[in-house]
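Note sheet for the following structure.
Bear in mind that the values in this text are calculations on the coordinates, not laboratory data. Bear in mind the structure is a predicted one, so any value in this text is a computation, not a measurement. So basically every Cβ, Gly included, is an ideal-geometry build from the backbone, and we count neighbours across all protein chains shown.
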Amino acid sequence: MLRLLACLLMSTALAPFLAAEDGYRLWLRYDPLPETVRSDYAAAFTEIVTPANPSPTVALARDELARGLGGLLGSTVPTATQASRPHALVLGRPNDPAIAALIRESDLRAAGEEGFILRRLATPDGPRTYLVANRDIGLLYGAFALLRHVQARQPLAALDRVESPRIQRRLLNHWDDLDGFVERGYAGFSLWQWFHLPGEIDPRYREYARALASVGLNGAVLTNVNANAVILTPPYLEKVAALARTFRPYGIRVYLPARFSAPIEIGGLKTADPLDAGVAAWWRAKADEIYRLIPDFGGFIVKANSEGQPGPQDYGRTHADGANMLADALSPHRGIVMWRAFVYSPDNATDRVKQAWDEFAPLDGSFRQNVVVQIKNGPLDFMPREPFSPLFGGMPRTRLALELQVTQEYLGQSVQLAYLAPMWKEVLDADTYAAGPGSTVARVVDGSLRLQNLSVIAGVANTGTDRNWTGHVLAQANWYAYGRLAWDHALSSEQIADEWIRLTFGADPEVVATLSRMLLTSRETVVNYSMPLGLHHIMAVGHHYGPGPWVANLPRADWTSVYYHRADEGGIGFDRTPTGSNALEQYAGPWRELWGNVATVPENLLLWFHRVPWDHRMKSGRTLWDELCLRYQQGVDEVRALQRDWASLAGKIDAERHAHVTTRLARQERDAREWRDACLLYFQTFSKRPLPPGVEAPAHDLAHYKSIRLRYMPGNPGGG
Ligand code: GCW
């Protein structure tokens, strides 16, 4: 009796801790559904049937369904290897004749290698739900899809679909260093415990892999593109192999950065010249060694001749020479090379945004079939708003991958709320016109435009050791949205936000409506208070957090802010039309016309393409100066609206996550004011005009803002 009492006491005392709402569970919560909606689902899923002796992947699918449905329905759903009751949920592959007889050939073809079919069918033994896939991994993806469906309380009748990913390789790129530091990481340290690997498998590795699989991601580049050759040495490859083994049942392959000078640094060679036979042989042997340990190794990513990284140009060779040499080493094993196009040379005075095109477009058609050229969404560097990179339309005979930045290097890091799906949709939906109208970046990347057989999308991860994975609880939405778009880029930002909110915060209509509005407006809000009207690259140096429009006199002009905004008494903006750098020439005709004309360019890209006087008339009838000031103010006002919206959800969201976001929003409001005041005071030294009515007076003078120095910022490789 006493013992029972003690147990009871213990469990009540522990309850709040066990139910800690620290964000660790991400969107995979499986809390019991309200009684009112539970019974329909409970009646529909009476048992989970999988073949006897399931593979590890099928076992994961089964266990996830048991855990998920058990949690959501509030009672155990038994598992079985033979369906014995009506309303069974049956998982299977067409190699089972009973399954094959039920599913159309055309559906199986549509499901492809990784997809699945979810269907409710009437059978002689009563209605059943079938989850069918050609390969085991499809069953796992289907299990997550089904759980999403129930968790989001979607009608059972709608459980009838065939899905398959549009892009084959859906990767997270980790910029993790071997010492645990994450470059541009704002959620703690690297998840990979290299010292303890390969012997010790942190349970979090499985949780990570499960989260990736739940949104359909199937690859991870484990370490930083600013590469360390040590990752390719035998002891580290053993560690990588241990991670690969852990991830494999979740359908995730590992990839590694290849430091171009590795043959010298760890191979003892005198050169890394890609045309040197000894170098090629070294890489071939290295590839063989990797595949002996990791038979499904994905391939290499390379940042070459970019920001100080070594590369083929060190030997007078081209990017294609370098990429092809590595591609040949990997091709016997079906591995791929992701060669990054993020290049701009220290000895090139051309407008930085033109340089990737200048270096890569002439190489079109000279890359091997297992090479993809990986291009950032915009031609500069993950700014809050950029036009799409013209290179997506400039290399018709090359496989091109899209690189997005999930971590918010230039959008408030893990302090500010910026839901990035709308930004990513802008680039995915952008028309390159490369093969006529409709040649969207999405179709270039997924290979459908030219029926290419290899497609890759990469997102620079925002994950780390923080308990909530992404630093800001609401930044989990970006990880989620990236995965969902990588799977299906036709999904809308609204759909994905709605889905994520329901999974993460429940289905209360007020929560869903309010938080959707917050997410969907948040990126534009950051643009407004930081870099409105096409301004770009005016952030503080090094850590890139907060304003720095005055940044000048760095070792390279194109690292400064003044290079990009070009403000003086005559006006502001970068002329990229034929009278200026003519970066516009890299785009197709319709864009050249639209963007090249100051009367037709959308105002959100005005200062990206044009240099205009301070009294330039905007569509509103205001002068550019007044408009600029009001945009900065609008950004601040919008953060305050976010705060009010969030405050209105108190009591509807658990206190722990509510308080966390409240604190971050308060800091975002301060940050937004700082951006506004710093930028307006600075630009005012050129415009020499007063702040228009409606703009709050700055709290300090310009000298104050210029003197702010943030030290030891997270994610900044420059340190203090
Ligand atoms: O966005 C910039 C970052 C660098 C990064 C580089 C790149 C990994 O400031 O930290 O280096 O881009 O993408 O290579």
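Structural remarks
- Here 403, 696, 669 are placed in order of increasing Cβ neighbour count within 10 Å, fewest first, which gives 696, 669, 403.
- Contact order relative to length of the stretch 479-560, as percent, for alpha carbon pairs under 8 angstrom and 6 or more apart: 15 percent
- Positive-end residue of 604, 682, 662, charge dipole of the stretch 586-704 with Cβ unit charges: 604
- Separation between Cα centres of the stretch 442-466 and the stretch 511-557, rounded to whole Å: 25 Å
- In this Cβ point-charge picture (+1 for Lys and Arg, -1 for Asp and Glu), the stretch 338-475 has a dipole of about 360 debye about its Cα centre.
- Cα centroid separation - the stretch 343-398 against the stretch 207-247, whole Å: 27 Å
- If R0 is taken as 35 Å, the Cβ-Cβ distance between residue 585 and residue 541 corresponds to a FRET efficiency of 0.70.
- Residue 709 versus residue 289: modelled label distance in nm, points set 7 Å from Cα along the beta carbon direction: 4.4 nm
- For the pair residue 701 and residue 202, label points projected 7 Å from Cα toward Cβ lie 4.9 nm apart.
- Across the stretch 539-583, the mean sequence separation of Cα contacts (distance under 8 Å, 6 or more residues apart), normalised by length, yields a relative contact order of 20 percent.
- DSSP beta bridges fully contained in the chain are about 30 percent antiparallel.
- Estimated at 0.36 nm per residue, the fully extended path between residue 647 and residue 85 surpasses their Cα-Cα distance by 197.5 nm.
- Inter-centroid distance (Cα atoms) of the stretch 39-94 relative to the stretch 99-124, Å: 17 Å
- The value given for the stretch 457-533 is a Kirkwood hydrodynamic radius of 13.6 Å, derived from the mean inverse Cα-Cα separation.
- Across the stretch 697-709, coupling constants 3J(HN,Hα) worked out from phi with the 6.51/-1.76/1.60 Karplus curve, θ = phi - 60°, read 5, x, 7, 9, 8, 4, 4, 4, 5, 5, 7, 5, 10 Hz, and Gly and Pro carry x.
- Length released on extending from residue 53 to residue 98, taking residue separation times 0.36 nm less the Cα-Cα span: 14.4 nm
- For the stretch 214-294, Kirkwood radius (reciprocal of mean inverse C-alpha pair distance, Å): 13.6 Å
- Residue ranges 646-657, 452-463 sort as 452-463, 646-657 when ordered by packing (mean number of other C-beta atoms within 10 Å per residue, highest first).
- When you count the other C-beta atoms within 10 angstrom of each residue and take the mean per peptide, 709-717, 226-234, 511-519 line up highest first as 511-519, 226-234, 709-717.
- Ranked 181, 342, 260, criterion: other C-beta atoms within 10 Å, fewest first: 181, 342, 260
- Taken about its Cα centre, the chain carries a charge dipole of about 760 debye when Lys and Arg each add +1 at the Cβ and Asp and Glu each add -1 at the Cβ.
- Under the span-like rule (Cα at least 30 Å along the axis, Kyte-Doolittle mean at least 0.0), DSSP H helices of the chain: 509-530
- Taking 0.36 nm per residue of sequence separation and removing the Cα-Cα distance, the residue 593/residue 105 pair yields an extension gain of 170.9 nm.
- The antiparallel fraction among DSSP beta bridges confined to the stretch 103-255 stands at about 65%.
- Percentage relative contact order, the chain, counting C-alpha pairs under 8 Å, at least six apart: 11 percent
- Here the simple spin-label model places points 7 Å from the Cα toward Cβ, and for residue 429 and residue 453 these points are separated by 3.4 nm.
- Over the C-alpha atoms of the stretch 655-720, the Rg to Rh ratio, Rh being the Kirkwood estimate, stands at 1.09.
- Taking the Cα centre of the stretch 592-720 as origin and assigning +1 to Lys and Arg Cβ atoms and -1 to Asp and Glu Cβ atoms, the resulting dipole is close to 240 debye.
- 25 °C / 0.890 mPa s Stokes-Einstein diffusion coefficient of the stretch 162-283, Kirkwood radius on C-alpha pairs, µm²/s: 156 µm²/s
- Per residue of the chain, the DSSP helices (runs of n ≥ 4 H) give a summed -39500 (n - 2.57) that works out to -12000 deg cm²/dmol at 222 nm.
- Most positive-pole-ward Cα, 275, 395, 503, against dipole of the chain from beta carbon charges: 503
- Computed 3J(HN,Hα) for the stretch 600-614, one whole-Hz value per residue from the Karplus formula 6.51 cos²θ - 1.76 cosθ + 1.60 where θ = phi - 60°, is 10, 4, x, 5, 6, 10, 3, 7, 6, 9, 9, 9, 10, x, 5, glycine and proline marked x.
- Residue ranges 430-440, 137-147, 564-574 sort as 137-147, 564-574, 430-440 when ordered by packing (mean number of other C-beta atoms within 10 Å per residue, highest first).
- At R0 = 25 Å, FRET efficiency that the Cβ-Cβ distance of residue 663 and residue 513 yields, to 0.05: 0.60
- Prolate/oblate/rounded label for the stretch 104-157 (Cα gyration tensor, a/c 1.5): oblate
- Computed over the chain, the percent of Cα pairs more than 36 Å apart is 45.
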